Amino acid sequence: MKIIFLICCMIISLGNLQSHAQIHDSTSKKYYTDDKAKSLFLKSKRQKSTAWILMAGGVGLATAGVISGTNSNSFSDNSLENAGALVLVGIAGCVASIPFFISSGKNKRKANIILKPETFRYDAGPKINTLAIGMQVNL
């Protein structure tokens with residue numbers, strides 16, 4: 001049971017480290033002050049990485065639990081209990097990755113909306129055969 005507890009703590013701390021990793025490049029100052037779209041793309045990338053780590057860890061733990069539960073020579077209560085706990089922790093890791101995938105997609109969509117060049121055309125007044133007044137605004 002101690003091993004399962006240590007594995008759970010390790011998975012939680014790995015996900016926490018990934019989501020709060022620091023940036024060590026020359027654009028980090030620009031990232032925090034200037035470019036909103038760039039920050040949203042970077043945030044999306046981090047969230048997606050965290051989600052994949054949680055998903056892979058969850059699948060690995062669930063697979064290990066199933067394998068250890070089916071391959072144990074003696075079906076004692078302790079070995080089946082440990083295998084069941086591994087499967088449950090693995091499923092919990094997979095479920096915990098879902099909000100990270102969702103928020104990653106939302107942030108990526110927001111950044112694409114910011115960067116997407118759209119044109120809006122407004123024609124002022126009624127159209128006259130000889131004169132058309134219009135204004136084009138880039139959003």
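The values are calculated or read from the model by the stated rules, or taken from the named source; none is laboratory data. The shown structure was predicted, so the numbers you read here are calculated from the model rather than taken from an experiment. Every residue, glycine among them, receives a Cβ derived from its backbone with ideal geometry; neighbour counts consider all protein chains shown. Accessible surface areas use protein heavy atoms only, side chains included; no ligands, DNA or RNA. Shrake-Rupley method; radii C 1.70, N 1.55, O 1.52, S 1.80 Å.
A Förster radius of 35 Å, combined with the Cβ-Cβ distance separating LEU88 from LYS110, puts the computed FRET efficiency at roughly 0.50. Applied to the range 78-95, the Karplus parametrisation 6.51 cos²θ - 1.76 cosθ + 1.60 on θ = phi - 60° returns per-residue 3J(HN,Hα) values of 5, 5, 5, 5, 5, 5, x, 5, 4, 5, 5, 5, x, 5, 4, x, 5, 5 Hz, with x for Gly and Pro. Remark: accessible surface ordering of LYS106, LYS45, LYS2 (largest first) is LYS2, LYS45, LYS106, probe radius 1.4 Å. Computed over protein heavy atoms with a 1.4 angstrom probe, the accessible surface ordering of LEU54, LEU88, largest first, is LEU88, LEU54.
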